[in-house]
Structures are given as structure tokens and as C-alpha cells.
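Written out below as C-alpha cells is the structure these notes cover.
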Amino acid sequence: MADPKADPKAEPTADPTADRKTEPMADADRKAGTTADADRKADTASGGGPRAVIERTLNDAELEWESPEAGTYVITLPGTRKLSTTCSLRVGRHSLSVNAFVVRHPDENHEAVHRWLLERNTRLYGVSYAIDSLGDIYLVGKLPLAAVTPEEVDRLLGTVLENADGSFNTLLEMGFATAIRKEYAWRTSRGESTRNLEAFSSLTRDAAK
């Protein structure tokens, strides 16, 4: 399902789905050691080490990615409910951190949204839902460098995609119901397509009457 807020011609409210350009949840890890030391350079040059493993895994999976600085990777994970999820991997001194923006802070129903996130956390592998100082929702996690293998990186990225993309519509329904109804009414009043709001028919049914 396409992003329900993706139509640029029909955007009366702020977009809850737009990926942040920076990841505030990762500031501490960035300060703690994202600059590669001589040992990690040697590992990568020799074909081993976590960075070489990550790059090989990303290439094998044919994912779109870039490395803005040594040991940092920004990966675009294609989705179905959410058009894409931007995931950041950072190789630190002792661990690999993962950070992915899910959705901006909910407009409403905050307690129910946060309860849902906490309950969901008990079933996640390698990452957990978290919120930043603005209330925006992320998936964050850490993996010891010794555990960085192609299988673990692949599993970690799969978990991120499943829980950013797979939970996307649920979070929108819970936290942006009013905005979705207004969007639907705005589009129908102007004869605009509502195709990418079909996933939210339970919310828009009353608005159509």
C-alpha cells in the first residue's frame, strides 16, 4: 500500500511519514566512536572486519546504500505499506548501532500508541521501538561487533523492515485517525483519488456518508 500522505497535491497536514535527515537517537553513539581506528582500517583492507561484512551483505542483497563517512551506512529498504524505510548502521568502537525512522510523533492517542510500542518490543529481535525528544518514533538497537556476520546483518535489516513497514498502517490508524479522515474528505470534495487511503477504510467509511 502506498504512503497515504504521499500525494503532494493533497497535503493539508504535516507528513508523518517523511524520513528524518538525521537520527537524533544515535547522537550518543556518533560521539562514542564512529571514527574508524587503525585496527578497523586494517580489518577492512584485509577483507575481514565488520565494515567489510556489512558492505558485502548490502551488495549481495542488492540494496541501495551509501557511506557518508567511514563506518557509517545509510540504507534504503523498499516497503509495501511505507514507500521506503531509511536505516542507518554505524560501526562503533565495540558495537554496531542501528537506527531507523518509523513515523513522526502521533497527533493523538499517544498513550495507546506508546503502549502498543512497548508491548511490541517484547517480540522484537535486535531492535526496539523508541521515541526521541520530539516524540518521533524510531527503531534502535545495538549488536556486538563480534556478532556481526552476514546472517546477523541480514536478520537485523529484516527485523527493521518488518517492524517499520509492517506496523506502519497500524501506527497511522492509531495516531493520525483525524488527519486521515480530513485527508479523505479533502480529496473526495475535490474529486481527487483516494486509492492510497483504501487501507484505512475503517476510518473513512463514516466520512464517505
> So if we plug the beta-carbon distance of T188 and W65 into 1/(1 + (r/R0)^6) with R0 = 35 Å, what FRET efficiency do we get, rounded to 0.05?
Replying inline: 0.30
> How far apart, in nm, are the 7 Å Cα→Cβ label points at R93 and N109?
Replying inline: 4.4 nm
> Taking +1 at the Cβ of each Lys and Arg and -1 at the Cβ of each Asp and Glu, which of Y125, H114, H94 sits farthest along the dipole of region 76-137 towards its positive end, judged by Cα position relative to the Cα centre?
Replying inline: H94
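Readers should treat all values here as calculations from the given coordinates under stated rules, not as data from a laboratory. Quick caveat, the model's predicted, so the values are computed rather than measured. All Cβ positions, glycine included, derive from the backbone under ideal geometry; neighbour counts span all protein chains shown.
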